[in-house]
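Enquirer: Please find one structure pasted underneath; my questions will follow.
The values are calculated or read from the model by the stated rules, or taken from the named source; none is laboratory data. Model, not experiment: these values are computed from the prediction. All Cβ positions, even for glycine, are placed from backbone atoms using ideal geometry, and neighbour counts span all protein chains on display.
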């Protein structure tokens, strides 16, 4: 069955450092992968989308890479700030069907002063 | 900025009762979704809806669940006879496009508590 794994333990980093979050998947050939941010008691908020034929995408302090051979995506937040503290979700999608997103369990990031 | 709105924010119901969760997607979006998240667990897909019909549903979305777009703005999820295990946060989402441009915008959710 499809499996999407993210760092299960919370990630604590110091302000100003780069946070790197990992998303690994098995038994899946996604056409695209997305990263979302979720704050407690709130819905996911879209951050970045990367397609299977793309290696890297950037948006301001965010960078995502996608390696379909390793079946892995890395999500980087540079110059991290306490306001970046949240849970980050990766979500995979396939073409066709109903556009469903399959989410990982998420990684909780805490940026400390 | 346009957003997906969901009502109510919290719904408490007795087991066996029917509930309707309501959503107003972003106005120019064409694709609509429901997801749920049991406390401490991952976000799970329930159903997607396009062109007035269900385009995909998960195993969770059994005969107790139904969706409807009763007018041009609302999108509802009905659970006919709630069970204790239906207690979760329910998220509505919408997107302009499907396929590889499928960026979904989520509402704040409805917390459903079944007693």
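Enquirer: Being in contact (Cβ under 8 Å) with a residue 12 or more places away in the chain and within 19 Å of residue B:104 (Cα to Cα) is true for just one of A:21, A:62, A:11. Which residue is that? Break it down into steps so the answer makes sense when it comes.
Expert: Working: A:21 fails: within 19 Å of residue B:104 (Cα to Cα); A:11 fails: within 19 Å of residue B:104 (Cα to Cα).
Matching residue, one of A:21, A:62, A:11: A:62.
Enquirer: Could I ask something else about it? Checking the structure you have, find out if any residue of region B:98-110 is in contact with a helix residue (DSSP H, G or I) (Cβ under 8 Å, 6 or more places away or on another chain) and either farther than 25 Å from residue A:32 by Cβ or buried (at least 17 other Cβ atoms within 10 Å of the Cβ) (or both). Give the steps one after another, and end with the answer.
Expert: The first filter runs over region B:98-110 and keeps only residues in contact with a helix residue (DSSP H, G or I) (Cβ under 8 Å, 6 or more places away or on another chain), leaving none.
No, region B:98-110 contains no residue that is in contact with a helix residue (DSSP H, G or I) (Cβ under 8 Å, 6 or more places away or on another chain) and either farther than 25 Å from residue A:32 by Cβ or buried (at least 17 other Cβ atoms within 10 Å of the Cβ) (or both).
Enquirer: Can you pull out every residue in region A:3-18 that is under 14 Å from residue A:75 (Cα atoms), within 14 Å of chain B (Cβ to nearest Cβ) and part of a loop (DSSP other than H, G, I, E, B)? If you could, list the steps in order and put the result at the bottom.
Expert: Our first condition is that a residue be under 14 Å from residue A:75 (Cα atoms); within region A:3-18, this holds for A:5-7, A:11, A:17-18.
Narrowing the set further to residues that are within 14 Å of chain B (Cβ to nearest Cβ) leaves A:5-7.
Passing the criteria: only A:7.
Enquirer: Name the single residue that is farthest from the chain's Cα centre (by Cα) among those in region A:86-113 being surrounded by fewer than 18 Cβ atoms within 10 Å (Cβ to Cβ) and away from chain B (no Cβ under 14 Å).
Expert: A:113
Enquirer: How many residues does region B:28-75 hold that are surrounded by fewer than 16 Cβ atoms within 10 Å (Cβ to Cβ) and within 8 Å of chain A (Cβ to nearest Cβ)?
Expert: Counting residues in region B:28-75 that are surrounded by fewer than 16 Cβ atoms within 10 Å (Cβ to Cβ) and within 8 Å of chain A (Cβ to nearest Cβ) gives 2.
Enquirer: Going by the conditions given, is residue B:85 within 12 Å of another protein chain (Cβ to nearest Cβ) and more than 12 Å from the chain's Cα centre (by Cα)? So that I can check it myself, show each step before the final result.
Expert: Numbers: within 12 Å of another protein chain (Cβ to nearest Cβ): no; more than 12 Å from the chain's Cα centre (by Cα): yes.
Against the criterion (within 12 Å of another protein chain (Cβ to nearest Cβ) and more than 12 Å from the chain's Cα centre (by Cα)), residue B:85 does not qualify.
Enquirer: Still on this structure: Is region A:5-23 home to any residue that is modelled with pLDDT under 95, more than 15 Å from residue A:108 (Cα to Cα) and more than 10 Å from the chain's Cα centre (by Cα)?
Expert: no
Enquirer: Looking only at region B:55-74, decide whether some residue is touching a helix residue (DSSP H, G or I) at 6+ places or on another chain (Cβ under 9 Å) and touching a residue at least 60 places away in the same chain (Cβ under 8 Å).
Expert: no
Enquirer: Being out of contact with any strand residue (DSSP E or B) (no Cβ under 7 Å at 6 or more places or on another chain), closer than 20 Å to residue A:41 by Cα and not in a helix (DSSP H, G or I) is the requirement here; does residue B:41 meet it?
Expert: On the way: out of contact with any strand residue (DSSP E or B) (no Cβ under 7 Å at 6 or more places or on another chain): yes; closer than 20 Å to residue A:41 by Cα: yes; not in a helix (DSSP H, G or I): yes.
Yes; evaluated as a whole, the condition is true for this residue.
Enquirer: Output the number of the condition that residue B:12 fails; it satisfies all remaining conditions of (1) more than 12 Å from the chain's Cα centre (by Cα); (2) within 14 Å of another protein chain (Cβ to nearest Cβ); (3) assigned to a strand (DSSP E or B); (4) touching a residue at least 40 places away in the same chain (Cβ under 8 Å).
Expert: So residue B:12 meets the others, but not (2).
Enquirer: Exactly one condition in (1) within 14 Å of another protein chain (Cβ to nearest Cβ); (2) in contact with a strand residue (DSSP E or B) (Cβ under 9 Å, 6 or more places away or on another chain); (3) without any contact (Cβ under 8 Å) to a residue 24 or more places away in the chain is false for residue B:106; which is it?
Expert: The failed condition is (3).
Enquirer: Say whether the condition of being modelled with pLDDT of 95 or more, exposed (fewer than 14 other Cβ atoms within 10 Å of the Cβ), away from chain B (no Cβ under 11 Å) and within 30 Å of residue B:5 (Cα to Cα) is met by at least one residue in region A:66-81.
Expert: Within region A:66-81, one or more residues are modelled with pLDDT of 95 or more, exposed (fewer than 14 other Cβ atoms within 10 Å of the Cβ), away from chain B (no Cβ under 11 Å) and within 30 Å of residue B:5 (Cα to Cα).
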